Structures are given as C-alpha cells and as structure tokens.
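Working notes, structure below.
The values are calculated or read from the model by the stated rules, or taken from the named source; none is laboratory data. This is a predicted model, so every value here is computed, not measured. No Cβ is skipped: glycine too gets one built from the backbone with ideal geometry, and neighbour counts run over all protein chains shown.
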Amino acid sequence: MINLSAVLLAFDWGFLLQKLILIIIIVSVSLVVAMYETYLERKVAAWMQDRIGPNRAGPFGILQPIADGGKLFFKEEIIPNTSNKTLFVLGPGLAMLAALMTCAVIPWSSHLQFGDTTVQLQIADVNIGILYIFGVVSLGVYGIMIGGWASNNKFSLMAALRGASQAISYELAMGISLIALLFITGSLSMRTIVEEQMKNGIWNVVYQPLGFLIFLVCAFAECNRTPFDLPEAESELNMGYHQEYSSMKLGFYLFAEYINMFISSAVMATLFFGGYDVPFLDESTLAPNVAAIIGLIAFMIKIGFFIFLFMWVRWTIPRFRYDQLMNLGWKKLLPLALVNMLVTAAVMLWLHK
Amino acid sequence: MQSLTNRNKPVDRAPMNFWERLYLPEIFKGMIITLRHLFKRKATIQYPEQKREFSRVWRGLHVLNRDEEGRERCTACGLCALACPAEAITMEAAERELGEENLYREEKYAAKYEINMLRCIFCGLCEEACPKDAVYLSETVAPADYARKKFIYTKEDLLIPNPVTEPEAYAKAKGLEPNENRLTGKR
C-alpha cells in the first residue's frame, strides 16, 4: 500500500492533466478544422466553377458542416447481412483513429509560459516523430482495407485493394524523399527540425525543392485526393471502398480523409516550410507567449495554404488511370527520389569534408 | 464544313514534347485557369430573392383576360381547345342571362374553363387561336405542388383580377408595377 501511494505521489499529475487538456484541445481543433474543410471544399469547388456554393445555412453558409453532419447522424444505419459485422464497424473507426493519432507529434507552436510552468504546444516530442507519422499513416490503409473487405462487395474490395496498393507504392517514394531531408536536418524529431529551420532562417524547401515536390505528390496520393482518388472512383467502382456504408460510418470515412488532409498539410508545413517559424521575424526578442501565438497563427496560415492547394488541384485536374498511377509511382517518383537522395548524400559528404 | 465560331480547334495528335511530358507545367497552366475562375463573376442567381428576367416573348402560365369594363372576354368558342396539341384545355359553354351583361362581354361565355398544366407544353397556340384576345400566356411559371389535382387550373385560377373592382391586383397581374417580376437586387 505504501508503495502504491508513493508511486501515485511521485507521478507528476499536473503534467498528465496538462497533456490531457492539450490532447482534448488538439483533437477537437483538428475535428473542427476537418469540418470546415468540407465547407471550404464545397466553396472552392463552387468558386472555380463560377458558382457561389453553400450560403443558406447561417451567414455565408457557416453552419453548413453542422447541417451536413446532422444529416449523416440521422440517416438510417445499414449493415449488410452478408458483411462481417465486427470488421464492418471497425473499418471507419480505424480510419478515424489513424487520422487523429498523427496529430500527436506535430509541434503546433513553441511554448506557452504560465508562471513557472512551461507548456509545450505539442502532445509528445518523441525523437522519432517522422517515423511515428509514417507508421500511423500506414495504419490508415487498414481502415480502407478492412472496410472494403468486410463490405463483402466486389467493388468495395477492388477499391480497397487499389487504395492499399496505391498507399504502399507512394509511401516508398515519400519515405525516400524524406531521407534526403533527414540528411540535412540530422534529426527525426519534428520540433528539432522546426527549430533548426528557425535558427538558420532558411526553410528546408530551399535545400530540397525536388524532395518537397515528391513529398507533395505522395501526400496527395496518401490522402486519396484527386488526381489519385482511384479508391473512390465513382465511374468505375460505384462509390469506392465505402459503397456499403451509410450514416455516420460513411461520414467517418469522409471525415478521416479531411483530417488526413489537415495533418499532411501540417506535416508539409513543418518539414519543408519552417513550421511555426515566421519569416523575417526574430522570435527570441518577443515574450514567449506572444511568440507562441504568432507562431501558431503563422503555422495555421501555412496549413491553410496547403489545404487550399489540395482543393485547388482537386478541382483542376481529372484522375489518373490505374496504370498511369502505378507508372508514376514506381517508374518516375521512386527513381527521382532515389537520385535526389544520392545527390543530397554526396553533397552533404562533400560539405563535411 | 464552314466554321460557325472562331473557337473550334482541330484535334492535335502530335506526340507530346518534353515540357508536356513533364506533366507539372501543364498542371500549373490548368491551375492558373481555375485560379482565374475564382475571381470571375458568378453565374448564380439567388432564386427566391433574385429572379431571372423573363424574355419579352416568354410563354408562361395562362391568363384569361377581361376587357376594360371588367367583363370576361372568353366566349367558349373552343378554338383554343382545338388548337391545343397537348389537349390540355377543356371548357363548358353557357348562355348569358339577363342582368349578367357586366360579367360577360358576349352572349355566350365559359361556365367552366380548365387547363391541365401537367399536359400543357406552353406552345402558345391557344393564344394565337383565340379570336377574342381572351387567353394569353403570362410571364410566370407554374409553381410546384404535391398533388396532380392542383395542376388542373380552373377558371377562378386563370382569370385576371377585375380592373374595375380590384385595380391594384389587376395592375400587378399585368406587370405594370415596375420591377415586380423582374430581377431585383444587383447583378
């Protein structure tokens, strides 16, 4: 008994509480951002097609995502008789879980100072942050795969297979393009990478333009966004892997896609565009709290730009054919990423000599 | 064939050059185009608040006309029903009684006059066939409804308001009030 209480007392409960609050805030913020991404997507699509877009629910249609979500919640929940029920329910849950887990290692800003306590605006500063993101993103394939398989529908299964093979193919090029970046930064921790960029004043995209381009293309493919949205190809696969899904289970799949978009925008901004770094501003001269808030705003603006880019591309170009997709992934992006890695390695070696 | 516009472009099957095969420059071109559309004027008309202006020759819902003293012009001659290619018009004639001279213009009038708006194709042949200027097509569209029955418009639905007893409603129906059916708001 004495031992237990000693353990309980030794535990830093304040730290736990602080992290718990941070987790709640960050997860709910990513959910809200994903909600408004759906709104923005419809708006951007409309603007690009010379329309106005949703503008009836609330001022400027601000309440549209709530209406959409409410609609999905009140729809009839259908679980097909022939499906594997456990896996059928597990699928959207896994997709959502994998999408939300990635936001744990992203440094949203520097730190806040409340008296003596310093609050890092990051859930966990693990020293293998990028590896963690890669691992969790790969888990996202399970959501698609399990959902498609459990539906017991050939179209869903084909779409799921497509999704899985696409994600795996593009993860390779993505990983290799990142290795080149890691040669430069020398660290896998997201916060270290950002701080390095802040110290140098030069963002990684300047050193690694090709690497960024490859990463961007692969991020599009990983999020199943146009032009790589083959798993959702309506014309050939009816609806894609979520064909049998209805109600909020379908909503979760769609939602997971938008969260993925948000997180991959955040990752791109962190790795290549200086994260919460504000260009031409020396953060160390400001009070820590002010710097943190300015950094957060800068980070959100960068994320917003990338989200807009995702939508901009989606409403501009049509999707690839499946063989084109595989050609691009294996015959173009992978060799390019390898060359990029080798050249970076050679240059780094030469510079260190 | 002679080209009617200067917009047609022959199909180009030449092999792609290096820049086109790079794919990305072409994507950027496309993205510039969509970006330009972002700032273009939107084609949307915000329907219940704004209404599209009808053409001068628009053929909308039918109206049964009255003369300047407020008497019904229709004599139930049946020419409109005969002219109607969709057979949407039916009517029953009746003889004008003594003391009804302020109601009906001629000795014969339509006791019943029905147009089935689901059958009507709004061709305007009834308007052209009418020797008495009694039926014409207005600048409104038939509103949606849930029951088929509601689309059979009776004489009461079709008659224009009496210019003597209810001049305001009459003026409104004639579209004399400025901008009544017209596009409101800015475009």
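Give the range A:317-338 a look and list any residue that's in contact (Cβ under 8 Å) with a residue 12 or more places away in the chain and in contact with a Leu (Cβ under 9 Å, 6 or more places away or on another chain), or say none.
Listed by number, the residues that qualify are A:Arg319, A:Phe320, A:Tyr322, A:Leu325, A:Gly329, A:Trp330, A:Leu333, A:Leu334, A:Leu336, A:Ala337.
Does the range A:260-274 include one or more residues that are more than 14 Å from the chain's Cα centre (by Cα) and either at pLDDT below 85 or not aromatic (Phe, Trp, Tyr) (or both)? Spell out how you get there, then give the answer.
Keep residues of the range A:260-274 that are more than 14 Å from the chain's Cα centre (by Cα), which gives A:272-274.
Add one more test, that the residue is either at pLDDT below 85 or not aromatic (Phe, Trp, Tyr) (or both), and what stays is A:274.
Scanning the range A:260-274 turns up at least one residue that is more than 14 Å from the chain's Cα centre (by Cα) and either at pLDDT below 85 or not aromatic (Phe, Trp, Tyr) (or both).
Yes or no, residue by residue, for (1) among the charged types (D, E, K, R); (2) over 23 Å from A:Ile303 (Cα atoms):
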| site | (1), (2) |
| --- | --- |
| A:Lys85 | yes, yes |
| A:Leu131 | no, no |
| A:Met158 | no, yes |
| A:Met174 | no, no |
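Which condition does A:Thr270 not pass, out of (1) in contact with a helix residue (DSSP H, G or I) (Cβ under 8 Å, 6 or more places away or on another chain); (2) surrounded by fewer than 20 Cβ atoms within 10 Å (Cβ to Cβ); (3) among the hydroxyl-bearing types (Ser, Thr, Tyr); (4) within 27 Å of A:Ile202 (Cα to Cα), if it passes all the others?
(2)
Against the condition more than 14 Å from every other protein chain (Cβ to nearest Cβ), modelled with pLDDT under 90 and surrounded by 14 or more Cβ atoms within 10 Å (Cβ to Cβ), how does A:Asp277 come out, does it pass? Please lay out each step first, then the result.
Numbers: more than 14 Å from every other protein chain (Cβ to nearest Cβ): yes; modelled with pLDDT under 90: yes; surrounded by 14 or more Cβ atoms within 10 Å (Cβ to Cβ): yes.
Yes: the conditions hold for A:Asp277.
Give the range B:111-168 a look and list any residue that's closer than 21 Å to B:Arg59 by Cβ and in a strand (DSSP E or B), or say none.
Hits for the range B:111-168 are B:Tyr113, B:Glu114, B:Ile115, B:Asn116, B:Val135, B:Tyr136, B:Leu137, B:Ile152, B:Tyr153, B:Leu159.
Can you go through A:Thr38, A:Thr86 and tell me which one is touching a Pro at 6+ places or on another chain (Cβ under 8 Å) and of a type in the set (Val, Ile, Thr)?
Details: A:Thr86 fails: touching a Pro at 6+ places or on another chain (Cβ under 8 Å).
After ruling out the rest, the residue left standing is A:Thr38.
Here are the criteria: (1) crowded, with 24+ Cβ neighbours inside 10 Å; (2) at pLDDT 85 or above. Tell me which single one A:Gly140 does not satisfy.
Failing condition for A:Gly140: (2).
Check the range A:322-329 and report whether any residue there is outside any helix (DSSP H, G or I) and loosely packed, with under 14 Cβ neighbours inside 10 Å.
To start, the set of residues in the range A:322-329 that are outside any helix (DSSP H, G or I) comprises none.
Within the range A:322-329, not a single residue is outside any helix (DSSP H, G or I) and loosely packed, with under 14 Cβ neighbours inside 10 Å.
If you go through the range A:297-353 one residue at a time, how many are among the aromatic types (Phe, Trp, Tyr) and within 11 Å of chain B (Cβ to nearest Cβ)? Lay out the reasoning, then the answer.
Kept after step one, since they are among the aromatic types (Phe, Trp, Tyr), are these residues of the range A:297-353: A:299, A:305-306, A:308, A:310, A:312, A:315, A:320, A:322, A:330, A:350.
Right, trim to within 11 Å of chain B (Cβ to nearest Cβ) and you get A:308, A:312, A:315, A:320.
Qualifying residue count, the range A:297-353: 4.
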